[in-house]
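Here the structure is laid out as structure tokens; the discussion comes afterwards.
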Amino acid sequence: MSVRPVKKVSGTTPTLEGAGVKLQRAFGFGNTSEFDPFLLLDDFRNENPDDYLAGFPWHPHRGIETITYVLAGNVAHGDSLGNRGSLGAGDVQWMTAGRGIMHQEMPKGDGAGHMHGFQLWANLPSSLKMTAPRYQDVAAADIPDVVDDDGTRVRVVCGEFWGKKGPVEGVAADPRYLDVSVPPGRRKRIAVDRANHAFAYVFAGFGTFRDASGPQPVLTEQVNGATTRSLPHDAENRSLVLFDRGDEVEVQAGDQGIRFLLVSGRPIEEPVAWYGPIVMNTQQELQQAFNDLRNGTFIRS
């Protein structure tokens, strides 16, 4: 077994999306081949309702899947097919946009006005770009929450881990989506399929990710409610760790522990033609999608 080296560490980029939602983008809207099949990861953590209540009004999606994971507050959603619902703390929605859907998401904070969640975009292969849209709405209580002997806790949103299978099924990239909490001072190795791309997104505590040769230059630390990276230099208050190939990921938790998303998936390795919330394989297909929007033929029965 080989521990995956860290290819790079990066901070997030402050981004304004929707009707004026302030969020932090970990990656997306660039060359995302190293994250294939994933296209984008946004962290919408906010304590000021004025920065998120405008939400994400009606907008189109085609050719991708969007994964929304809520930690605090709730997100009301609706679509052009008549679906309506609300995601609360711990809930997940895995939406397959397929051939096209109009969608809206309107966040609302908890009693203290706090809102926190993530949205991950996963690409679809060309054979499934025009598949029928579908939802997999998963309540927090239905997500396996497993604890190891050393106190490491893992919520299994998708894929199999420690003998538990996440409730999201039938996803093209065969991904694994884990919410991992490692207790203070513990060192943990977590198996990852060698054929899959993998990344970790740290959102609480601090820790050091390692490879076989020793510590890598990444350390994130919680100080007065903000996360900073002190090695090799100061960074944004969130850290994205991209791994090279190997069988395992190793992390050494700091004295406050560490919590992170660990996401991996099988690369699709197809051309990407991308503009906004529509991702196809060719510019011609992309242009057709926008022609459909103008002509009122985007939503297909």
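The values are calculated or read from the model by the stated rules, or taken from the named source; none is laboratory data. What you are looking at is a predicted structure, and each value in this text was computed from that prediction instead of being measured. All Cβ positions, even for glycine, are placed from backbone atoms using ideal geometry, and neighbour counts span all protein chains on display. Only protein heavy atoms, including side chains, enter the accessible area calculation; ligands, DNA and RNA are left aside. Shrake-Rupley method; radii C 1.70, N 1.55, O 1.52, S 1.80 Å.
Which whole-number value in Å³ per residue fits the convex hull of the alpha carbons of region 38-92? Write out the running numbers ahead of the final one.
On the way: hull volume 5.6 nm³, N = 55.
Per residue, the Cα convex hull of region 38-92 comes to 102 Å³.
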Practice prompt. Could you pull out every one of the lysines with an alpha carbon less than 25 Å from that of residue 108, ignoring same-chain neighbours closer than 8 positions?
Written response: 22
Worksheet item: Taking the Cα centre of the chain as origin and charging only Cβ (+1 Lys, Arg; -1 Asp, Glu), how large is the dipole, in debye to the nearest 20?
Response: 280 debye
Discussion item. Quick check: convex hull of the Cα atoms in region 69-145, volume per residue, rounded to a whole Å³?
Written reply: 99 Å³
Worksheet item: For helix 283-295, what angle does its Cα long axis make with the longest principal axis of the chain, in degrees from 0 to 90 and rounded to 10?
Response: 50 degrees
Worksheet entry | Centre separation in Å (Cα based) which lies between region 251-301 and region 115-149 | 13 Å
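If you rank 118, 56 by how much accessible surface each has, with a 1.4 Å probe, what is the order from largest down?
Values: 118 0, 56 40 Å².
Sorted by accessible area, descending: 56, 118.
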Worksheet item: For region 1-72, what is Rg from Cα atoms divided by 2.2 N^0.38 Å, rounded to two decimals?
Response: 1.32
Practice prompt. Apply the Debye scattering formula to the chain, with a single equal point scatterer on each alpha-carbon and no solvent, then give log10 I(q)/I(0) at q = 0.09, 0.15 Å⁻¹.
Written response: -0.43, -1.24
Worksheet item: Cα atoms only, region 140-185: Rg and Dmax in Å?
Response: 11.2, 37
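So what is the accessible area of the chain per residue, in Å², with the probe set to 1.4 Å? Walk me through the intermediate numbers first.
Details: 12730 Å² over 301 residues.
Per-residue accessible area for the chain comes out at 42 Å².
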